[in-house]
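Structure first, then comments.
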Amino acid sequence: MKLAFSTLGVPGLPLSEVTALATAHGYHGVELRAHPEEPVHTGLTAEQRADVAAAFKAAGLDILGVAGYARVAAPGDDEPVFTEVRALVDLARDIGAPYVRVFPGGGDEQSAEEADATAARRLGAAAEYAADRGVRILMETHDSHRTGADAMRVLGLVGHRQVGALWDVMHTWLGGEQPVDSFAALSPHLGYVQVKDIASAEDTTPVALGAGVLPLTDVVEVLSRNGWDGWVCWEYEARWYDAAEPLPGLLGAGREHLARLLNESA
């Protein structure tokens, strides 16, 4: 498995410093949060996009994905969602990222069936656009579709190879799903895995990997047992928690913890 971290953990950090952290601590790649407050977003010019790709190539690092905020199950018109997803796909293509992350984002005013159908319709419509650009759209286990079983209700309807799943292990666990069941549901569509650790089910403040309550050992075990050899990305949600310990000081120990879990599960 290859290891990455998300720039959600180092909000606003210049890319030169992001790549320096990744290489210094032995990570293979980085997931880039796509937002106007970050160095990478859909408003970048063609020249700026080329510079991003060149910076990572020079550092010998992969850009794992573009973490966008499109909400594919959200109530409302389709066109604004299509526009946002297409912009994220174009950004990913231009900087050399294979994946785009989207959220479900279903609303309380919808039934589960309505949210599923909305997400499937939009993802299905976006799939060919993504295929033409060599990018895969991944719906994260999150909010209205927190578990692997929830996500599969949508992905089963879509049935397109360019649309898959991003397994956020915190959300599936908070949804009451065991890692073995999450993997069984998501594995036919799995793009990559986001790991993290939190203080408790009631306090989702990010902590160092291995210092919290999430079943990371079980997650790595089920991945290894099933021969899965894709990306594992540490998403440390520093942007949302001012009291969180700064990520740069945790990156080395985090990589070592994941490497140890991988070795033990081999």
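The table for this structure:
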{"quantity": "Meets criteria (more than 15 Å from Phe5 (Cβ to Cβ), of a type in the set (Ser, Thr, Tyr) and open to solvent by 50 Å² or more (accessible area, probe 1.4 Å)) for Thr217", "calculated": "yes"}
{"quantity": "Identity of the residue in the stretch 118-166, more than 19 Å from the chain's Cα centre (by Cα) and β-branched (Val, Ile, Thr), that ends up nearest to Val72 (Cα to Cα)", "calculated": "Thr118"}
{"quantity": "Residue satisfying all of: in the stretch 58-86; outside any strand (DSSP E or B) and among the small types (Gly, Ala, Ser); least open to solvent (accessible area, probe 1.4 Å) among these", "calculated": "Ala73"}
{"quantity": "Search result, residues across the stretch 1-29 that are closer than 16 Å to Trp231 by Cβ, among the aliphatic types (A, V, I, L, M) and either under 15 Å from the mean Cα position of the chain (by Cα) or open to solvent by 10 Å² or more (accessible area, probe 1.4 Å) (or both)", "calculated": "Met1, Leu3, Ala4, Leu8"}
{"quantity": "Filtered residues of the stretch 229-252 (kept if at pLDDT below 95 and closer than 19 Å to Leu190 by Cα)", "calculated": "Asp229"}
{"quantity": "Qualifying positions in the stretch 30-53 - under 22 Å from the mean Cα position of the chain (by Cα) and assigned to a helix (DSSP H, G or I)", "calculated": "Arg49, Val52, Ala53"}
{"quantity": "Pairs, first over 18 Å from Trp234 (Cα atoms) in the stretch 183-210, second open to solvent by less than 10 Å² (accessible area, probe 1.4 Å) and at pLDDT 95 or above, C-beta under 6 Å, six or more apart", "calculated": "Ala185/Gly148; Leu186/Gly148; Leu186/Ala165; Leu186/Trp167; His189/Leu155; His189/Gly164; His189/Ala165"}
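The values are calculated or read from the model by the stated rules, or taken from the named source; none is laboratory data. Note that the structure is predicted; figures quoted are calculated from it, not measured. In this analysis, Cβ positions are derived from the backbone assuming ideal geometry, glycine residues included, and neighbour counts consider all displayed protein chains. All accessible areas refer to the heavy atoms of the entire protein, side chains included, with ligands and DNA or RNA removed. Shrake-Rupley method; radii C 1.70, N 1.55, O 1.52, S 1.80 Å.
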